[in-house]
1. Against the condition touching an Asp or Glu at 6+ places or on another chain (Cβ under 8 Å) and modelled with pLDDT of 95 or more, how does A:ASN46 come out, does it pass?
2. Go through the stretch A:1-35 residue by residue and tally those that are touching a residue at least 24 places away in the same chain (Cβ under 8 Å) and either assigned to a helix (DSSP H, G or I) or not acidic (Asp, Glu) (or both).
3. Report the residue count in the stretch A:134-152 for those that are open to solvent by 70 Å² or more (accessible area, probe 1.4 Å) and either of a type outside the set (Gly, Ala, Ser) or assigned to a helix (DSSP H, G or I) (or both).
4. In the stretch B:1-17, which residue that is of a type outside the set (D, E, K, R) and under 13 Å from the mean Cα position of the chain (by Cα) is least open to solvent (accessible area, probe 1.4 Å)?
5. Restricting attention to the stretch B:50-75, report how many residues are closer than 15 Å to B:GLU95 by Cβ and part of a loop (DSSP other than H, G, I, E, B).
6. B:ARG20 - would you say it is open to solvent by 50 Å² or more (accessible area, probe 1.4 Å), in contact with a Leu (Cβ under 9 Å, 6 or more places away or on another chain), away from chain A (no Cβ under 14 Å) and more than 23 Å from A:ILE91 (Cα to Cα)?
7. Condition first: open to solvent by 60 Å² or more (accessible area, probe 1.4 Å), in a helix (DSSP H, G or I) and either within 21 Å of A:ALA137 (Cα to Cα) or touching a residue at least 24 places away in the same chain (Cβ under 8 Å) (or both). Now tell me which residues in the stretch A:36-49 satisfy that.
8. For the condition assigned to a strand (DSSP E or B), open to solvent by less than 40 Å² (accessible area, probe 1.4 Å) and either more than 10 Å from chain A (Cβ to nearest Cβ) or touching a strand residue (DSSP E or B) at 6+ places or on another chain (Cβ under 6 Å) (or both), what is the one hit in B:SER131, B:SER124?
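The values are calculated or read from the model by the stated rules, or taken from the named source; none is laboratory data. Only a predicted model underlies this, so the values are computations on that prediction, with no experimental measurement involved. Please note: Cβ atoms are built from the backbone with ideal geometry, for glycine as well, and neighbour counts cover all protein chains shown. Ligands, DNA and RNA are excluded from the accessible area calculation, which covers all protein heavy atoms including side chains. Shrake-Rupley method; radii C 1.70, N 1.55, O 1.52, S 1.80 Å.
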2 protein chains.
Amino acid sequence: MTNALVITAPEGMPWIEFTREFDAPVGALFNAHRDPDLVRRWLGPNGYEMTIDHYDFVSGGCYRYVHHAPDGGEYAFRGTFHTVREDEFAIQTFEFEGAPDQVAIEYLWFEDLGSGRSRLRGKSIGPSVESRDAMIASGMEKGMREGYERLEALCA
Amino acid sequence: MTNALVITAPEGMPWIEFTREFDAPVGALFNAHRDPDLVRRWLGPNGYEMTIDHYDFVSGGCYRYVHHAPDGGEYAFRGTFHTVREDEFAIQTFEFEGAPDQVAIEYLWFEDLGSGRSRLRGKSIGPSVESRDAMIASGMEKGMREGYERLEALCA
C-alpha cells in the first residue's frame, strides 16, 4: 500500500494521533463512516465479522457493534456521536466493553485533497496515559491498518 | 462553607480533577444531576439564569442548555451522555458553543459517605493542554464553586 497509516503516541500523554491518505474522494470516505452497511464491511481486523446493534452517525446519535473473531470471541464497542458534519468532521466517544468505563473521545477530520484523493486524520484521547498505553498494547494498530486497507478497497 | 471544592490541574496534562463533599445523601446529589428542573436551579455561576433545550440524563442521551448572564450575554453548552449509572457514575461530553469543536469528556463519580453525606469526584479531559488551560482561564473554578454551593443548599 502506498497510503500508509501513520500513528503517533507521544510519551506520557493520553492520546494517539493518526493520519492516512486514501485514493478515494472525501465524500466516499465520509459515507463509508456514515452508512452502517458499509462500516461493517471495513471496520476491524481482517478475518472478523462485524454485527451492528445500532449506528446513527449524526450529532447526538449513538452506536454499538460487535466484532466476531475467527475463534468465536466477541468484542463489543459502543459510544455516542457528539458532532457529525458531512464530508468534514466527527467527534465520538469510544468504549470497548471488555474494559468498562475506559472511554476515549475521538476526533476525525475528513480532508479533500483534490483529484479524487482524501486524507483522514484522527486524535483519540483516553482517560489516562495508562489507558492509552493499554489500547496500543491491545493490537490497535494492526486492526486499524487492516481496516483502512479494506476501507480503501471499498471506496475504490 | 466547610465542604470546599478542590481542583487540581497537573502541569502539561489535558485534564483537571476535582472533588467536593456534600452534606446530602448520594441519591439527592445524583438526582440533582438527573432532573433538569433541579439542574437549572444550581448549575452555573451565581446570578445567571439557565434555560434547558433538552436534557436526557441516561446512557446514550444528550443535552443542550444556555446560561443567561446578568448583562444579557448567552453561553450555550451541549453534549452527550455516554454512560449514566444511578447513584454511582456518569460520563458525558461537554462543549461550550463559543469554542466550537473543543470538546471535553467528563467523568463523574457519586460516592456515598454514609450518615447522609456524599462526595462528588470528577475528571474533565480536554482535547489538548491548551484547551484545558483556556477552560481554566475562562473562570471555570468560580462558576463551579458557586454552582456547587447552590447544589448543596438545594439538596439540604
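1. yes
2. 24
3. 4
4. B:ILE16
5. Total satisfying the criteria: 0.
6. no
7. Within the stretch A:36-49, A:ARG40, A:ARG41 meet the criteria.
8. Checking each option against the conditions leaves just B:SER124.
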